[in-house]
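What follows is one structure encoded as structure tokens, with my remarks underneath.
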Amino acid sequence: MRTLNSVSEFQTEAANAVFTKQQAISATLQLLTKEWNDPGNTPEEKSVLENAIQRAEFRYIDATKSETDRMLDAIGVARFTTQDIVNAIQAIVFDAE
């Protein structure tokens, strides 16, 4: 798989950002879609990215399911880093390959 340029740009531009769960999910899906729309994709890359979009689940960003986790989500605490999102995208794409 090629370098994911949109993800690299996001990692640079949002280096110190922190996201809520909803924002992290949205950013992940938007970045995968942006990569899928890249006109430089080969048919194989486009297929992998399409599969990645279909496989994207929040467990790639946060697998914690404790009461504290639910409380933090319920009150909208921003606690997911840019690196959490980038790592999740890399794992999703790896699994999609």
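The values are calculated or read from the model by the stated rules, or taken from the named source; none is laboratory data. Being a predicted model, the structure only gives us computed values, none of them experimental. Note that each Cβ is placed from the backbone with ideal geometry, even for glycine, and that neighbours are counted across all protein chains shown.
Counting just the residues of segment 31-46 that are in a helix (DSSP H, G or I) and touching a helix residue (DSSP H, G or I) at 6+ places or on another chain (Cβ under 9 Å), which one comes out nearest to L4 (Cα to Cα)? Within segment 31-46, the match that is nearest to L4 (Cα to Cα) is E35. In this structure, D69 does not satisfy being within 14 Å of the chain's Cα centre (by Cα), modelled with pLDDT under 95 and either surrounded by fewer than 17 Cβ atoms within 10 Å (Cβ to Cβ) or not in a helix (DSSP H, G or I) (or both). Exactly one condition in (1) of a type outside the set (S, T, N, Q); (2) touching a helix residue (DSSP H, G or I) at 6+ places or on another chain (Cβ under 8 Å); (3) surrounded by 15 or more Cβ atoms within 10 Å (Cβ to Cβ); (4) touching a residue at least 40 places away in the same chain (Cβ under 8 Å) is not met by Y60; state its number. In the conditions (1) of a type outside the set (S, T, N, Q); (2) touching a helix residue (DSSP H, G or I) at 6+ places or on another chain (Cβ under 8 Å); (3) surrounded by 15 or more Cβ atoms within 10 Å (Cβ to Cβ); (4) touching a residue at least 40 places away in the same chain (Cβ under 8 Å), Y60 misses (4) alone. Per this entry, N16 is counted among residues that are in contact with a strand residue (DSSP E or B) (Cβ under 9 Å, 6 or more places away or on another chain) and modelled with pLDDT of 95 or more. Note on segment 73-88: residues that are among the β-branched types (V, I, T) and within 15 Å of the chain's Cα centre (by Cα) amount to 4. Could we say that Q23 is in a helix (DSSP H, G or I), surrounded by 11 or more Cβ atoms within 10 Å (Cβ to Cβ), touching a strand residue (DSSP E or B) at 6+ places or on another chain (Cβ under 8 Å) and not hydrophobic (A, V, I, L, M, F, W, C) here? So Q23 fits the description; yes. Of all the criteria given as (1) surrounded by 11 or more Cβ atoms within 10 Å (Cβ to Cβ); (2) under 26 Å from T12 (Cα atoms); (3) without any contact (Cβ under 8 Å) to a residue 40 or more places away in the chain, the one not satisfied by V48 is (3).
Within segment 69-81, residues that are over 10 Å from T20 (Cβ atoms) have Cβ atoms under 9 Å from residues that are of a type in the set (D, E) and surrounded by 11 or more Cβ atoms within 10 Å (Cβ to Cβ) in these pairs: D69/D62, counting only partners at least 6 apart in sequence or on another chain.
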